[in-house]
1. Take the alpha carbon gyration tensor of the stretch 1-57, find the square roots of its eigenvalues, order them as a ≥ b ≥ c, and report rounded if a/c is under 1.5; if not, report prolate when a/b exceeds b/c, else oblate.
2. Enumerate the lysines that K59 could reach by cross-link, defined here as Cα to Cα under 24 Å, with residues fewer than 8 away along the same chain left out.
3. When a footprinting reagent is the concern and you count Cβ atoms within 10 Å, what order do I7, I94, I43 take, fewest first?
4. Could you tell me whether the chain comes out rounded, prolate or oblate from its Cα gyration tensor? Rule is a ≥ b ≥ c as square roots of the eigenvalues, rounded for a/c under 1.5, then prolate if a/b exceeds b/c, otherwise oblate.
5. Identify, among Q103, L40, M10, the residue whose Cα sits farthest towards the positive end of the charge dipole of the chain, taking +1 on the Cβ of Lys and Arg and -1 on the Cβ of Asp and Glu, with the dipole about the Cα centre.
6. Give the angle, between 0 and 90 degrees and rounded to the nearest 10, that separates the Cα long axis of helix 58-70 from the longest principal axis of the Cα atoms of the chain.
7. Can you put L80, L72 in order of Cβ neighbours within 10 angstrom, beginning with the fewest?
8. Helix 33-46 sits at what angle to the longest principal axis of the chain, using alpha carbons and giving 0 to 90 degrees rounded to 10?
Amino acid sequence: MSIVVLIISMVLFFVLFFGIGFILNMILRMSWVMAIIYPLVAILIIDKVSFSEYFTNTKAAFWDLGHRISSLALADNLILFSGFTGAIIAGITIKMLRKNGYQMF
């Protein structure tokens with residue numbers, strides 16, 4: 001992966017999850033909802049096991065998830081971290097806006 005593609009991917013993930021987090025925080029009036037949901041989204045992006053296997057074949061599903069997380073490249077970790085940063089900053093932004101008197105919805 002070239003450095004240009006990495007930077008563009010990081011910016012896209014940041015903006016994507018900032019926007020989704022901002023909208024969810026505004027509608028649901030819970031400042032940290034996307035920061036809580038983001039790890040589940042990241043697991044769905046990383047893992048190739050179906051969601052139902054976490055309940056039917058728990059040990060193998062979590063072992064496969066651990067193996068996939070540990071085998072991620074640095075670029076993948078940076079991209080996923082930038083998405084999580086966007087979700088966190090969306091929560092901080094909503095908190096600051098509400099503190100300054102802006103009432104959304």
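1. Oblate, because a/c is 1.5 or more while a/b does not exceed b/c.
2. K48
3. Sorted ascending by nearby Cβ count, the order is I7, I43, I94.
4. Oblate, because a/c is 1.5 or more while a/b does not exceed b/c.
5. Q103
6. So the helix axis and the longest Cα principal axis differ by about 70 degrees.
7. Taking fewest neighbouring Cβ atoms as first place, the list is L72, L80.
8. The helix 33-46 is inclined about 30 degrees to the chain.
Quick note: the coordinates plus some simple rules give every number you see, no bench work behind them. Bear in mind the structure is a predicted one, so any value in this text is a computation, not a measurement. Backbone-built Cβ (ideal geometry, glycine too); neighbour counts: all protein chains shown.
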